Amino acid sequence: MPTGAGVAFRVLIVDDLNIGRGPIGERLLRRSLGANAIPASAIRVTSAGLDARDGAKLHPEAARLIVAHGGNADGFIARSLSPEIVATTDVFLTGTSQIRDELVRRFPRTARRAFSMSELAELYQGAIEIAAPLHEHPLILDRMRRGRTIAENWDLPSIEDADARRDVIAERISETAAWAADLWSALLPQPAHAAEARPVGEHFLLDAFGVRMEVNCTGSGARALSAATRRAWSRCLMPASTETQHEDVIELCVDPSPTVLATARSRGALAYPDVEQALHYLSSAVTVRAIDARAGRLLMLHASAVASREGDVVGFVAPSGTGKTTLSRILGAHYGYVTDETLAIAGDRVVPYPKPLSVITESHHGIKLQWSPDSLDLALPGRDLRLARLVLLDRRPDGPDEPYLEELPHLRGIAELAEQTSYLPRLARKLHTLSDTVEMVGGLTRLVYREAATVLPLMPELLGER
Amino acid sequence: MTDPRASDLLSTTIISTCYDDALARDGELLVLAGDEVVLLSPLASELVWSARHGATLAETVAHLMSTFGAPEGADPEAMVRDLVIELAARGVLELR
């Protein structure tokens with residue numbers, strides 16, 4: 001299966017007969033992606049049924065509900081799910097866990113990529129800031145659900161059987177489609193045709209591990225947005241006199257008017273009612289677009305990193321939401337802050353990405369605030385950074401008082417590292433690049449700990465200073 | 001329609017590899033298939049290695065029996081069938 005930047009992310013909605021829920025999901029998700037200016041060449045949404053009769057027409061009630069929610073019901077015919085369709089799909093969405101389980105029973109290879117809609121919503125809610133390319137989300141979400149109980153299984157029966165509940169079912173599907181489209185669209189490049197329609201606002205260049213990205217702030221809140229963004233991204237901001245060309249543009253719009261926001265989204269902008277939300281989503285957008293831009297050229301790990309005065313970098317590899325930022329704040333007070341999210345490696349060199357840190361602030365429910373490493377007074381790393389050590393983080397709530405390190409067998413370590421590597425299939429030497437990198441730093445180490453502050457005394461050992 | 005099941009495999013079914021990259025160390029294989037990385041057990045590693053140029057199910061069972069001996073209290077062919085199906089579902093093997 002082809003993967004990566006430039007290849008459409010393929011979403012398949014699966015139900016039983018493919019004349020009710022499935023087509024509603026397909027057409028309303030297409031509607032919402034269209035409203036965010038996401039073309040089918042970026043995200044392709046289709047549907048199929050486990051027991052569908054090929055060529056069957058849409059249920060009249062499904063057609064009514066699609067149109068009632070602003071979708072297009074034209075031209076739909078049902079199709080049955082085949083191994084060929086399965087082979088070309090990135091993520092499978094079902095209305096209920098029962099349909100998901102039946103899908104996996106018939107097509108075991110879908111097991112790590114099939115989610116019920118309620119499951120998808122709950123998993124994303126727990127990791128709203130997955131700063132990884134869209135193609136990597138299914139396996140990331142699958143790892144998140146291991147050993148976890150999903151609280152709710154939405155009641156989304158077949159449209160054919162639902163009678164009075166049909167409108168409620170369609171409303172839920174519509175809301176989920178809108179929400180998923182908003183989330184995914186932030187992680188995709190803005191369409192080329194949007195450039196002409198884009199107003200020129202307050203704009204500046206950011207450097208994300210060598211990728212030059214223009215941020216164009218628009219809307220009535222542009223001035224405040226620009227000031228807040230420059231402050232939060234102070235260490236990635238490129239000088240105003242820089243005459244280099246940008247590689248990507250992100251239009252970021254803040255405005256209280258829903259109409260203005262909808263218009264901005266239709267030309268591919270990230271658009272929000274307030275600065276805090278805009279900054280929150282900008283962080284993932286910059287990271288993911290920079291990762292896309294360097295696919296196949298840099299080894300990019302989900303990792304935080306700090307550097308010694310001599311430029312020796314220790315990378316702490318871990319999935320989103322498992323303690324990288326907290327550790328960066330603690331260690332960054334004493335060692336140079338390199339990144340809290342994406343460790344970019346070229347051979348034995350590290351390209352820094354000192355992005356803002358997401359910090360939970362009690363006064364803003366649900367949204368973490370973006371703090372500049374300067375505001376947090378984190379130390380500056382040297383200019384010439386060399387990868388010295390890679391550590392897999394294992395933070396356990398019931399972990400030890402004293403953290404400890406353990407060496408990992410080579411292949412097992414590479415297997416874990418691969419799960420936290422972006423665009424591994426695009427690297428010319430694939431697993432061998434990981435293997436060479438691990439051997440270069442003397443093997444992989446696991447760090448088991450509970451409190452980030454207890455890790456600080458281990459730094460001299462990790463840097464080989466004792 | 002479904003993915004192939006263990007009962008669909010014939011003794012003449014050809015098993016071959018279709019992964020994108022692999023690392024071998026100490027009798028184990030780590031393979032990259034699509035965007036998934038799978039660390040194989042010694043038995044699965046030997047199975048995949050033996051299928052690198054294509055082998056029938058019967059040849060594969062015979063090779064694993066000669067390498068590891070007969071499993072205690074289990075039907076070796078049934079074990080191999082299940083393993084082949086699992087590796088095919090992971091994109092490591094393809095079946096003809």
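The values are calculated or read from the model by the stated rules, or taken from the named source; none is laboratory data. In this text the structure is predicted, and so the values were computed from the model without any measurement. Don't worry about glycine lacking a Cβ; one is built from the backbone with ideal geometry, like all the others, and counts go over all protein chains shown. Just so you know, the surface numbers come from the protein's heavy atoms only, side chains and all, with ligands and any DNA or RNA stripped out. Shrake-Rupley method; radii C 1.70, N 1.55, O 1.52, S 1.80 Å.
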Determine the pairs where a residue that is facing chain B (nearest Cβ under 9 Å), located within the stretch A:410-421, has a partner that is of a type in the set (D, E, K, R) with Cβ atoms under 6 Å apart, the partner being 6 or more residues away or on another chain. A:HIS410/B:ARG25; A:LEU411/B:ARG25; A:LEU411/B:GLU28
Can you say whether A:ARG113 is crowded, with 18+ Cβ neighbours inside 10 Å and farther than 17 Å from A:ILE24 by Cβ, as far as the supplied structure shows? yes
From the list A:ALA262, A:ALA271, A:ALA222, A:ALA232, which residue is over 22 Å from A:VAL359 (Cβ atoms), open to solvent by less than 10 Å² (accessible area, probe 1.4 Å) and at pLDDT 90 or above? A:ALA271
Within the stretch A:156-179, residues being more than 27 Å from the chain's Cα centre (by Cα), in contact (Cβ under 8 Å) with a residue 24 or more places away in the chain and open to solvent by 40 Å² or more (accessible area, probe 1.4 Å) number 2
Among the residues that make up the stretch A:118-129, is at least one of them assigned to a loop (DSSP other than H, G, I, E, B), within 14 Å of another protein chain (Cβ to nearest Cβ) and out of contact with any Gly (no Cβ under 7 Å at 6 or more places or on another chain)? no
I want to confirm something. Restricting to the stretch A:350-360 and keeping residues that are open to solvent by 30 Å² or more (accessible area, probe 1.4 Å) and farther than 19 Å from A:ARG230 by Cβ, which single residue is modelled with the lowest pLDDT? A:ILE360
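Report yes if A:ARG10 is among the charged types (D, E, K, R), under 30 Å from A:LEU427 (Cβ atoms), within 14 Å of chain B (Cβ to nearest Cβ) and in contact with a strand residue (DSSP E or B) (Cβ under 9 Å, 6 or more places away or on another chain), otherwise no.
Yes, satisfied.
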What are the pairs with Cβ atoms under 9 angstrom where one residue, in the stretch A:425-450, is touching a residue at least 40 places away in the same chain (Cβ under 8 Å) and the other, located anywhere, is among the acidic types (Asp, Glu) and assigned to a loop (DSSP other than H, G, I, E, B)? Sequence gap at least six, or different chains. A:PRO425/B:ASP20; A:PRO425/B:ASP35; A:THR437/A:ASP348; A:MET440/A:ASP348; A:VAL441/A:ASP348; A:TYR449/A:GLU402; A:ARG450/A:ASP398; A:ARG450/A:ASP401
When the residues of the stretch A:235-259 are narrowed to those that are open to solvent by 50 Å² or more (accessible area, probe 1.4 Å) and aliphatic (A, V, I, L, M), which ends up modelled with the highest pLDDT? A:LEU237
State whether the residues of the stretch A:363-381 include one that is within 14 Å of chain B (Cβ to nearest Cβ), among the acidic types (Asp, Glu), out of contact with any strand residue (DSSP E or B) (no Cβ under 7 Å at 6 or more places or on another chain) and loosely packed, with under 15 Cβ neighbours inside 10 Å. no
Subset of the stretch A:317-361 [over 16 Å from A:VAL288 (Cα atoms) and acidic (Asp, Glu)]: A:ASP348
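Could you check how many residues of the stretch A:404-421 are of a type in the set (Ser, Thr, Tyr) and in a helix (DSSP H, G or I)?
0
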Criterion (at pLDDT below 95 and not aliphatic (A, V, I, L, M)) met by exactly one of B:SER45, B:SER11, B:SER16: B:SER11
Sort out which residues of the stretch A:422-453 are facing chain B (nearest Cβ under 10 Å) and assigned to a helix (DSSP H, G or I), and write them in order of number. A:LEU424, A:PRO425, A:ARG426, A:LYS430, A:LEU431, A:HIS432, A:THR433, A:LEU434, A:SER435
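Condition check ((1) modelled with pLDDT of 95 or more; (2) touching a helix residue (DSSP H, G or I) at 6+ places or on another chain (Cβ under 8 Å)) across all residues:
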residue: A:ALA8; (1), (2): no, no
residue: A:ILE13; (1), (2): yes, yes
residue: A:SER32; (1), (2): yes, yes
residue: A:ALA37; (1), (2): no, yes
residue: A:VAL45; (1), (2): yes, yes
residue: A:LEU50; (1), (2): yes, yes
residue: A:ARG53; (1), (2): yes, no
